Structure formats: C-alpha cells, structure tokens
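S.K.: The following block contains the structure, expressed as structure tokens.
The values are calculated or read from the model by the stated rules, or taken from the named source; none is laboratory data. Because the structure is a prediction, the values reported are computed rather than measured. Because the Cβ atoms are built from the backbone with ideal geometry, glycine has one as well, and the counts that use them run over all protein chains shown. When the accessible area is computed, the model is the full protein with side chains, heavy atoms only, and any ligands, DNA or RNA have been set aside. Shrake-Rupley method; radii C 1.70, N 1.55, O 1.52, S 1.80 Å.
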Amino acid sequence: MNKPLPKHARAVIIGGGVAGASVAYHLAKLGWKDVVLLERKQLTSGTTWHAAGLIGQLRASANMTRLAKYSADLYADLEAETGVATGLRQTGSITVALTEARREELYRQASMARAFGVPVEEISAAEVKARYEHLNIEDVLGAVYLPTDGQGDPANIALAMAKGARQMGAQIFENVKVMDIKTDAGRVASVSTDQGEISCDHVVNCAGMWGREVGALAGVTVPLHACEHFYIVTEGIDNLGKLPVLRVPDECAYYKEDAGKILLGAFEPVAKPWGMNGIPEGFEFDQLPEDFDHFEPILEKAINRMPLLAEAGIHTFFNGPESFTPDDRYYLGEAPEVGNFWVCAGFNSVGIQSAGGAGMALAQWMEDGQPPFDLWDVDIRRAQPFQRNRRYLRERVTETLGLLYADHYPYRQMETARGVRRSPVHEILKERGAVFGEMAGWERANWFANEGQARAYRYSWGRQNWFENQRAEHMAVREGVGVFDMSSFGKIRVEGRDALTFMQRVCAGQMDVAAGRIVYTQMLNPRGGIECDLTVTRLSETAFLLVVPGATLQRDMAWLQRHLSDEFVVITDITAGEAVFAVMGPESRALLQKISPADFSNAAHPFGTMREIEIGLGIARAHRVTYVGELGWEIYASADQAAHIFEEILGAGATPCGLHALDSCRLEKGYRHFGHDITDEDHVLEAGLGFAVKPDKGEFIGREAVLEKRKTGLFRRLMQFKLNAPEPMLYHNEPILRDGKIVGHLTSGGYGHALGASMGLGYVPCKGESATDVLASDYEIEIAGRRFAATASLKPLYDPASARVKEDG
Ligand SMILES: Cc1cc2nc3c(=O)[nH]c(=O)nc-3n(C[C@H](O)[C@H](O)[C@H](O)COP(=O)(O)OP(=O)(O)OC[C@H]3O[C@@H](n4cnc5c(N)ncnc54)[C@H](O)[C@@H]3O)c2cc1C
C-alpha cells in the first residue's frame with residue numbers, strides 16, 4: 001500500500017527509469033525540496049532494467065562529450081554515497097575499422113577526442129589482437145582505443161541515483177500512473193494520477209518510450225517512437241578474462257564481456273518499430289518475442305569475427321524496446337508550448353551513459369532558468385510540431401537505430417520519411433536537377449546535378465561527387481548571379497502598439513529605425529550569450545518581420561513569447577505564407593532590372609533596406625541583405641506568387657544554387673552559423689559580433705553582460721581559418737593547434753572554392769591578449785591525426801572590407 005501522495009510538489013518527475021532517477025537526484029542535490037517522482041509500475045521496469053550497460057564517453061560534440069564524461073564519473077562515485085554498487089568498471093573500449101572510410105572516421109574521431117579532452121589512442125590490428133585475443137583481425141584496418149570507457153549495471157545505476165535522491169529528501173512513488181497534466185495561463189499547474197492530484201510548479205517528462213504520450217497530455221510535442229533492440233548473451237566461456245568493450249560498427253555489432261560471458265548487441269540497418277498501437281498497459285520488466293531471422297545476419301558475421309561464439313552456446317536471446325527520435329538525439333529542456341514543462345527522454349539506446357549528465361544539466365537549467373551551457377544538440381525546442389505524426393515517426397525510426405553504427409559521413413542525409421515540408425517551388429527545383437537534403441522536415445535543394453549526372457549523394461570523407469557542382473554554383477555567385485530558394489527561413493511577424501518597445505528589449509541592435517530598414521541583430525540572454533541570430537525588417541511603425549534560421553523557429557517563437565510582459569504585441573509565425581529567393585552575385589542588380597521596373601541602385605535601394613517591388617506579373621518585397629558576401633537581394637514573395645516569380649528569376653538567367661554553395665560562400669566570408677559558431681553560451685563580443693550590439697540605445701536583455709565584457713576584455717575569440725594546402729577537407733570539430741598545442745576545435749568547416757582551400761571557424765582562448773598577440777601565433781588544424789598549417793584571421797579572408805556587398809551600379 002502506497003503512502004498518500006502529497007497535495008503539492010515543486011517538481012513532479014514522471015518516470016522511474018535512469019532518466020527520472022537522475023533528474024530527481026540532481027534536483028535534490030541542488031537543494032530542491034518537495035521533489036516527487038512518480039512511476040507507473042516499479043523503478044527501472046521500462047527500458048532501463050535490460051540495457052547492455054556500455055558507458056562510452058566520446059559523443060559527437062564537445063558538450064555532449066562533457067555530459068557523458070560526467071555520467072561516468074558520477075557512476076563511479078555513487079556507491080560510496082549511496083551504498084548501491086553501480087558495477088562501473090573502466091574496461092576501456094576498442095572500435096575497429098574494416099574499411100578505409102571507417103578508419104578515416106575513427107581517426108577523425110580520435111582527433112576530436114583529443115580536442116574534447118578524452119584520452120584516446122589509434123592502434124593497429126596487431127595491438128587490437130594484443131588487447132582482445134579472441135578477435136579475428138584478418139580484415140581489421142585500424143582501431144581506436146579509449147582507455148577511460150567502461151561498462152556498468154544499468155538497473156543499479158538508476159537505483160543508486162534513486163536512493164541518493166531519497167536520502168536528500170525526494171519522494172518516490174511506485175505504482176502511480178500519471179493520467180493527465182493541467183496547465184494554467186501557459187504553464188503547468190498540476191498532474192492527475194490514478195491516486196489523486198498533485199499541484200506543482202514543474203513537471204519533468206522522463207517517461208522514455210511513453211514520452212510522446214506523456215507530452216501529449218499537456219499539448220507538448222515529443223517526437224519519439226519505440227524500436228526493438230536485440231542482444232544475445234552466451235553461456236559461460238572458460239578463461240575469457242576481463243575484456244574491453246568492443247565495437248565493430250561495420251558489422252553493426254558491439255560486444256561486452258560480463259561475468260565470463262559475452263553479450264553481443266546489434267544496431268542493424270533497418271530496425272523494427274514497436275508499439276504502433278500504444279504500449280500495452282501491463283508492460284513491466286517485459287521483453288519482446290525473439291526474432292532470430294532478424295538477428296541472424298549479425299550473428300553470422302559475429303561468429304566469423306569472434307570464432308569462440310560458434311561453440312559458446314546462447315544463454316539468452318534478448319529483445320527489448322527503446323525510444324528513438326527522428327535525428328538520433330535525445331530531448332532535454334523546457335517545452336516551447338508550455339512553461340515549466342521539462343523533457344528528459346528519447347535516449348536512442350545511449351540513455352545509461354547519457355542520463356547522469358542529462359539529469360545534471362536539466363536540473364541546473366530548471367534551477368537557473370537557462371541551460372548551464374549550449375545544449376542545442378538535444379534541445380526539445382528543435383522538435384517540429386508535424387513530428388508528432390505517428391506514421392512519420394514509425395518510418396523514420398527504422399533508420400535512426402541503424403545510424404548509430406552506420407558510417408557517419410559528412411553531409412549524410414536521412415532516407416526515410418522525407419518530403420513532408422516543401423517550398424512552393426519544389427517542383428521547379430526538381431526539374432532543374434536539385435538534389436534535396438532535409439532540415440526540420442523541409443526539403444531543400446543542397447546542390448544541382450548536371451544533365452545526365454546521378455541525382456544522389458556518393459558519400460566519402462574526401463571530395464564527394466557534388467564537389468564540382470558546388471564549385472560551379474559557388475563561382476556563379478562570386479562571378480555572375482545565383483539564386484537560392486531560402487523559403488525554409490523562419491518568418492515571424494511581431495506587431496502591435498508596443499512592438500517597438502518589445503523589440504528594443506529582446507534585441508541587442510537598434511530597432512528604432514525608419515520603416516523599410518533592415519537590422520542584423522542578435523537576441524541575447526542575460527549572460528550575453530546568443531539566443532538567436534536574425535535580421536529584423538521594420539515593415540511599418542507598428543510591425544516588424546523577423547527572419548530566423550528554419551531550424552530555430554520553435555525556439556525563437558518560444559523565446560519571444562516568454563519575454564512578452566504586458567505589452568500589446570501579437571507574435572505570428574508566417575513561415576509558410578512567404579517564399580524567399582536570394583538573388584546573389586555581382587550580376588544580381590542587372591538581372592533584377594530585367595524583370596522589375598524598380599530602381600536597384602545604391603541611391604534608391606541601399607544595403608540594409610527593404611522596398612516593395614513589381615516583379616514579373618506580381619508584387620514582392622526586395623530585402624537588400626546577404627549571407628554569401630556579394631551584392632544581392634532576398635525576394636520575399638507570397639506563397640501564391642512564388643512559383644511565378646521564381647520562374648522569372650530563373651528565366652532571366654540566374655544559376656540555381658543549393659545550400660552547400662551557400663555554406664561554402666558564407667564560410668569564406670566568415671559569416672557565423674547559429675548552433676555551430678554562435679550559441680547561447682557564446683558571448684556576442686567574443687563571437688566578433690560587437691558591431692551589431694548597441695548598448696547606448698538603452699536597456700535590453702544582455703546589456704549588462706555586454707558592458708561587463710567590455711570591461712574585462714575577451715577571454716576567447718572566434719577566428720577564421722584557411723588551410724594552406726588545397727586538398728584536405730574540413731567538416732567541423734577538428735582540433736585547432738596554436739603554436740603546437742591544442743587550444744580548441746572548429747565550430748564549422750567546409751570548402752572555400754573562391755579561395756581554393758578548406759575553411760573553418762573556431763574559438764581561440766585569448767585572455768589578456770590583444771588581437772595582434774593572437775594573430776602572431778602559428779596555427780594548425782588536425783585532421784585524422786595529421787596536422788595542417790593554416791592561415792588565421794580575425795577579418796573575413798574573402799573581401800575583408802565588404803566592398804562587393806555595397807557595390808554601386
Ligand atoms: C537492449 C537494449 C540495450 C541497451 N544498451 C544500452 C547501453 O549499453 N548503454 C546505454 O547507455 N544505453 C543502453 N540502452 C538504452 C537505455 O536502456 C535507455 O536509453 C534508458 O534506459 C532509457 O531510460 P529512461 O529513463 O528514459 O526510460 P525508461 O527506463 O523506460 O523509464 C521510463 C519510465 O516511465 C514510466 N512511465 C511511463 N509513463 C508513465 C506515466 N504516465 N506515469 C508514471 N510513469 C510512467 C515507465 O513505466 C518507465 O519506467 C539499451 C536499451 C536496450 C533496449
């Protein structure tokens with residue numbers, strides 16, 4: 001019999017798996033009283049109890065690695081704190097490559113590990129054999145060894161955190177199911193359970209594969225879907241000895257030695273979604289029926305790889321469900337739809353290694369009202385409303401499970417569940433040879449194939465099959481005129497009597513400009529970090545148009561809504577209503593003059609202004625801005641006129657260009673990309689965007705932090721790099737070496753076709769140093785263990801004075 005539920009809690013955590021236990025532990029550790037965790041059955045009875053227990057540390061970005069490292073350290077200490085053994089053993093891990101491409105990937109990851117402070121060694125096949133004698137190394141081309149990786153006991157890790165949480169005052173209730181969540185004035189108010197109601201200030205959704213349903217109780221989108229995940233455990237094997245964790249991604253397999261047995265798990269390329277009609281009510285410590293046919297191809301290869309498996313005998317065939325998300329990254333943070341509704345779910349088979357860090361970061365976020373550092377990779381605000389469609393999720397997760405061990409080629413595109421969001425000119429782009437990529441569900445032309453060329457990516461770590469297409473598009477923009485379909489831009493209208501007051505408060509730039517002016521600005525947080533990088537066009541006395549990256553629209557809408565006080569302002573997402581065509585290049589003026597009677601001269605239409613124009617048979621707005629560093633205009637056309645206007649632009653001779661060319665152009669020009677080069681932890685002055693900040697205009701969010709940084713000076717600077725050699729390829733995350741020592745990593749990377757080499761951006765620490773000091777050093781970039789000399793610059797290496805952008809005519 002349960003003790004009665006409290007009437008009120010500061011935070012109600014839904015779900016008693018490893019995620020919920022971690023959030024409870026970390027909130028309690030921060031001194032939160034009245035923390036209540038509700039679990040519909042028993043602790044760990046969802047997915048946590050049957051995890052394999054691999055605890056890796058190297059993730060795809062610096063902050064994700066930081067969180068995984070935190071988990072491992074925490075689990076090592078929990079036994080002393082709680083008396084519950086987590087079984088954490090630092091066995092080390094080996095990942096082997098069977099192909100040249102995989103070896104390149106592993107070596108690039110090793111370089112990245114060095115930049116992120118994770119111990120790593122590149123080892124030969126013979127060295128693999130020395131550490132893992134049972135392995136057939138015939139076709140092993142190379143490997144990496146991470147000595148601080150390990151393994152643990154998942155259920156006990158969760159139970160240790162739950163006990164630690166209880167010790168610090170949190171209350172945990174098993175066999176209590178949350179049935180409903182009530183909101184009031186856009187914030188959570190209470191949860192209703194099968195045993196009564198609890199009013200609360202915060203709700204945390206830690207419901208794992210039930211996370212989508214629990215989100216829906218409050219009208220929150222949590223796009224995830226369960227998939228079946230398989231492993232086998234052998235009978236005991238004599239003299240097996242202690243072994244590191246082993247990954248053979250080219251054979252979709254991982255191996256773990258435990259108590260003299262081998263556990264072999266699979267990340268097969270086409271996974272089996274599960275729970276399409278809902279998860280059975282009674283699901284508790286359950287497993288799914290075995291499917292030997294599905295597992296057999298993995299097992300066959302595994303027996304070749306580790307011949308002792310042929311004789312070992314299978315003790316357990318395990319199949320358990322786990323939640324997967326459309327982009328293989330979990331969800332953390334406050335939901336954009338409902339205040340104080342937090343999410344920590346969707347762990348894509350790495351929940352044990354992630355939960356410690358995720359719980360810590362979320363608790364800190366809840367305490368401070370802002371994330372402790374950039375967590376955009378996993379931020380719930382990246383979820384798109386359409387992604388709660390169950391068919392979409394079902395189709396997509398068949399792919400995302402296998403991607404864990406697929407080759408992680410740069411520019412790799414998703415193949416399933418495509419085509420949901422299309423620009424009004426999608427069919428025209430297709431006719432012109434577009435090869436599409438996906439972003440937030442939008443189909444975007446990434447590059448244009450030539451007549452007769454296959455319209456498909458051929459991935460590699462070197463120059464991919466579209467390299468020459470990108471070069472041609474890039475040079476068309478640099479020397480002639482190109483057009484980019486940028487309809488996926490997020491477009492937000494802010495209007496009303498108090499629109500100016502509101503915009504002045506949320507933006508760091510001067511918004512009190514004449515109607516028709518465009519301001520490049522940032523929305524800052526109180527730390528001076530960048531929440532949003534945008535252009536704002538003043539449409540009239542009382543109306544502004546905010547143009548934000550397509551990927552951040554939900555986040556930006558939420559930021560704006562949350563910062564509205566009692567101002568009379570209406571905020572509307574008008575993204576789908578307008579298409580955007582960026583007509584860019586030295587010939588853009590001449591081209592537009594062919595199809596529009598408007599005057600595009602500097603005098604009539606200077607940089608940073610917007611004019612309504614007649615174009616073809618229609619009416620549009622021309623915004624004179626650029627993200628490629630050339631003369632150009634963005635043409636905003638209402639969705640109904642978009643196809644006509646786009647045809648006019650193409651008909652006048654613009655070269656259709658894709659997003660890859662946009663990226664290579666902006667890298668040459670050193671333009672920042674939100675999420676990579678600039679994030680909420682990057683101070684606007686250190687990002688080199690001080691020119692856009694206007695502290696003299698009066699109060700705005702982040703102003704104090706800007707003034708403070710002006711006093712203290714910069715601790716780091718965003719610099720632009722160009723490799724001296726033309727061949728090597730940069731993709732981002734490569735270590736930056738200053739006078740021979742790693743000091744940071746690239747936040748973006750790509751090829752600069754006009755400058756003829758790979759380019760990158762990245763932060764370099766510079767406390768107490770002048771710009772001249774920083775530039776006086778020698779710089780190198782490390783790629784897959786090799787170092788390449790680079791030219792570093794604080795000014796754009798392409799057209800440093802921006803003469804081309806302002807060119808008259
Ligand atoms: C076969 C397999 C092997 C794995 N191996 C590894 C590994 O080696 N390393 C690794 O890091 N990860 C691994 N994972 C992944 C890991 O197990 C999961 O990511 C992790 O356990 C997810 O934890 P969670 O707390 O999010 O979900 P869960 O453990 O499922 O917890 C969610 C809880 O919410 C409860 N709940 C749901 N709805 C309600 C409600 N309305 N009211 C109250 N309670 C509710 C559920 O009962 C459940 O207990 C593996 C997964 C599988 C399937």
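Yes/no matrix, rows are residues, columns are (1) on the phi > 0 side of the Ramachandran plot; (2) of a type outside the set (Asp, Glu); (3) at pLDDT 95 or above:
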| residue | (1), (2), (3) |
| --- | --- |
| PRO372 | no, yes, yes |
| GLN384 | no, yes, yes |
| GLN387 | no, yes, yes |
| ARG390 | no, yes, yes |
| LEU401 | no, yes, no |
| TYR411 | yes, yes, yes |
| THR416 | no, yes, yes |
| ILE428 | no, yes, yes |
| ARG463 | no, yes, yes |
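S.K.: Is there a residue being open to solvent by 60 Å² or more (accessible area, probe 1.4 Å) and touching a strand residue (DSSP E or B) at 6+ places or on another chain (Cβ under 6 Å) anywhere in region 293-304?
M.R.: No: region 293-304 contains no residue that is open to solvent by 60 Å² or more (accessible area, probe 1.4 Å) and touching a strand residue (DSSP E or B) at 6+ places or on another chain (Cβ under 6 Å).
S.K.: So, one more: Counting residues that are under 22 Å from SER748 (Cβ atoms), which helices (runs of 4 or more DSSP H) fully inside region 623-723 reach at least 2? Can you show your working first?
M.R.: Details: elements: 639-651, 659-669, 703-712.
Of the helices (runs of 4 or more DSSP H) lying wholly inside region 623-723, those with at least 2 residues that are under 22 Å from SER748 (Cβ atoms) span 659-669.
S.K.: One residue is enough: does region 287-310 have a residue meeting the conditions within 13 Å of the ligand (Cβ to nearest atom) and within 30 Å of GLU531 (Cα to Cα)?
M.R.: Within region 287-310, none of the residues are within 13 Å of the ligand (Cβ to nearest atom) and within 30 Å of GLU531 (Cα to Cα).
S.K.: Across region 476-512, what is the total count of residues that are closer than 30 Å to GLY433 by Cβ, open to solvent by 30 Å² or more (accessible area, probe 1.4 Å) and either free of Cβ contacts under 8 Å to residues at least 12 places away in the same chain or more than 26 Å from the chain's Cα centre (by Cα) (or both)?
M.R.: Residues flagged as closer than 30 Å to GLY433 by Cβ, open to solvent by 30 Å² or more (accessible area, probe 1.4 Å) and either free of Cβ contacts under 8 Å to residues at least 12 places away in the same chain or more than 26 Å from the chain's Cα centre (by Cα) (or both) within region 476-512 amount to 1.
S.K.: Another question about this same structure. From the list VAL513, VAL519, exactly one residue is outside any strand (DSSP E or B) and of a type in the set (Val, Ile, Thr). Which is it?
M.R.: The unique qualifying residue is VAL513.
S.K.: Moving on. If we keep just the residues of region 211-245 that are among the polar types (S, T, N, Q) and out of contact with any Leu (no Cβ under 9 Å at 6 or more places or on another chain), which is farthest from the ligand (Cβ to nearest atom)? Talk me through it step by step, then tell me what you get.
M.R.: As a first pass, look at region 211-245 and keep what is among the polar types (S, T, N, Q): 221, 234, 239.
Within this subset, residues satisfying the condition of being out of contact with any Leu (no Cβ under 9 Å at 6 or more places or on another chain) are 221, 239.
Numbers: THR221: 17, ASN239: 25 Å.
The selected residue is ASN239.
S.K.: From the list VAL12, VAL23, VAL35, VAL120, which one is open to solvent by less than 30 Å² (accessible area, probe 1.4 Å), more than 19 Å from ILE352 (Cβ to Cβ) and within 14 Å of the ligand (Cβ to nearest atom)?
M.R.: Selected residue: VAL12, the only one of VAL12, VAL23, VAL35, VAL120 that is open to solvent by less than 30 Å² (accessible area, probe 1.4 Å), more than 19 Å from ILE352 (Cβ to Cβ) and within 14 Å of the ligand (Cβ to nearest atom).
S.K.: Of all residues being modelled with pLDDT under 95 and open to solvent by 40 Å² or more (accessible area, probe 1.4 Å) in region 565-581, which is nearest to GLY339 (Cα to Cα)? Just the residue, please. Let's see the steps before the verdict.
M.R.: Step one: filter region 565-581 for residues modelled with pLDDT under 95, giving 565-567.
Now drop any that are not open to solvent by 40 Å² or more (accessible area, probe 1.4 Å), which leaves 565-566.
Values: SER565: 14, ASP566: 17 Å.
Filtering first and then ranking leaves SER565.
S.K.: Sort through LYS3, LYS41 and tell me the only one that's assigned to a loop (DSSP other than H, G, I, E, B), more than 27 Å from the chain's Cα centre (by Cα) and within 15 Å of the ligand (Cβ to nearest atom).
M.R.: LYS41 is the lone residue from the list that is assigned to a loop (DSSP other than H, G, I, E, B), more than 27 Å from the chain's Cα centre (by Cα) and within 15 Å of the ligand (Cβ to nearest atom).
S.K.: In addition: So which of SER323, SER354 is open to solvent by less than 20 Å² (accessible area, probe 1.4 Å), touching a residue at least 60 places away in the same chain (Cβ under 8 Å), part of a strand (DSSP E or B) and within 11 Å of the ligand (Cβ to nearest atom)?
M.R.: Among SER323, SER354, only SER323 is open to solvent by less than 20 Å² (accessible area, probe 1.4 Å), touching a residue at least 60 places away in the same chain (Cβ under 8 Å), part of a strand (DSSP E or B) and within 11 Å of the ligand (Cβ to nearest atom).
S.K.: Out of the strands (runs of 3 or more DSSP E) lying entirely within region 409-501, which hold 3 or more residues that are of a type in the set (D, E, K, R)?
M.R.: Working: elements: 434-439, 442-448, 482-485, 490-495.
Ranges flagged: 490-495.
S.K.: For region 177-255, which strands (runs of 3 or more DSSP E) that fit wholly inside it have 2 or more residues that are touching a strand residue (DSSP E or B) at 6+ places or on another chain (Cβ under 7 Å) and open to solvent by 40 Å² or more (accessible area, probe 1.4 Å)?
M.R.: In region 177-255, 178-184, 196-205 are the strands (runs of 3 or more DSSP E) which contain 2 or more residues that are touching a strand residue (DSSP E or B) at 6+ places or on another chain (Cβ under 7 Å) and open to solvent by 40 Å² or more (accessible area, probe 1.4 Å).
S.K.: State the number of residues belonging to region 484-514 that are in contact with a Leu (Cβ under 8 Å, 6 or more places away or on another chain) and over 22 Å from ILE574 (Cβ atoms).
M.R.: Selection size over region 484-514: 2.
S.K.: Give all pairs with beta carbons closer than 6 Å in which a residue from region 40-59 that is over 18 Å from THR86 (Cβ atoms) meets a residue that is within 6 Å of the ligand (Cβ to nearest atom); count only pairs at least 6 apart in sequence or on separate chains.
M.R.: That search, which allows pairs on different chains as well, returns ARG40/LYS177; GLY46/GLY17; GLY46/GLY208.
Every residue, every condition in (1) farther than 27 Å from TRP442 by Cα; (2) open to solvent by 10 Å² or more (accessible area, probe 1.4 Å); (3) within 15 Å of the ligand (Cβ to nearest atom), yes or no:
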{"site": "LEU332", "(1), (2), (3)": "no, no, yes"}
{"site": "GLU337", "(1), (2), (3)": "no, yes, no"}
{"site": "CYS344", "(1), (2), (3)": "no, no, yes"}
{"site": "ALA361", "(1), (2), (3)": "yes, no, yes"}
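S.K.: Continuing with this model, one more query. Taking only region 256-290 into account, find how many residues are within 28 Å of the chain's Cα centre (by Cα) and either free of Cβ contacts under 8 Å to residues at least 40 places away in the same chain or outside any loop (DSSP other than H, G, I, E, B) (or both).
M.R.: Adding up the residues that qualify gives 4.
S.K.: Would you tally the residues in region 415-429 being closer than 19 Å to ALA637 by Cβ and open to solvent by 30 Å² or more (accessible area, probe 1.4 Å)?
M.R.: Total satisfying the criteria: 4.
S.K.: Further question on the same structure: Restricting the first residue to region 77-93 and requiring it to be modelled with pLDDT of 95 or more, which pairs with a second residue that is basic (Lys, Arg) and not in a loop (DSSP other than H, G, I, E, B) meet a Cβ separation below 6 Å and a spacing of at least six or different chains?
M.R.: THR82/LYS163; VAL84/LYS163
S.K.: Kindly provide the set of residues from region 59-83 that are aliphatic (A, V, I, L, M) and either assigned to a helix (DSSP H, G or I) or crowded, with 22+ Cβ neighbours inside 10 Å (or both), ordered by number. Steps first, please.
M.R.: Step one: filter region 59-83 for residues aliphatic (A, V, I, L, M), giving 60, 62, 64, 67-68, 72, 74, 76, 78, 80.
Matches in region 59-83: ALA62, MET64, LEU67, ALA68, ALA72, LEU74, ALA76, LEU78, ALA80.
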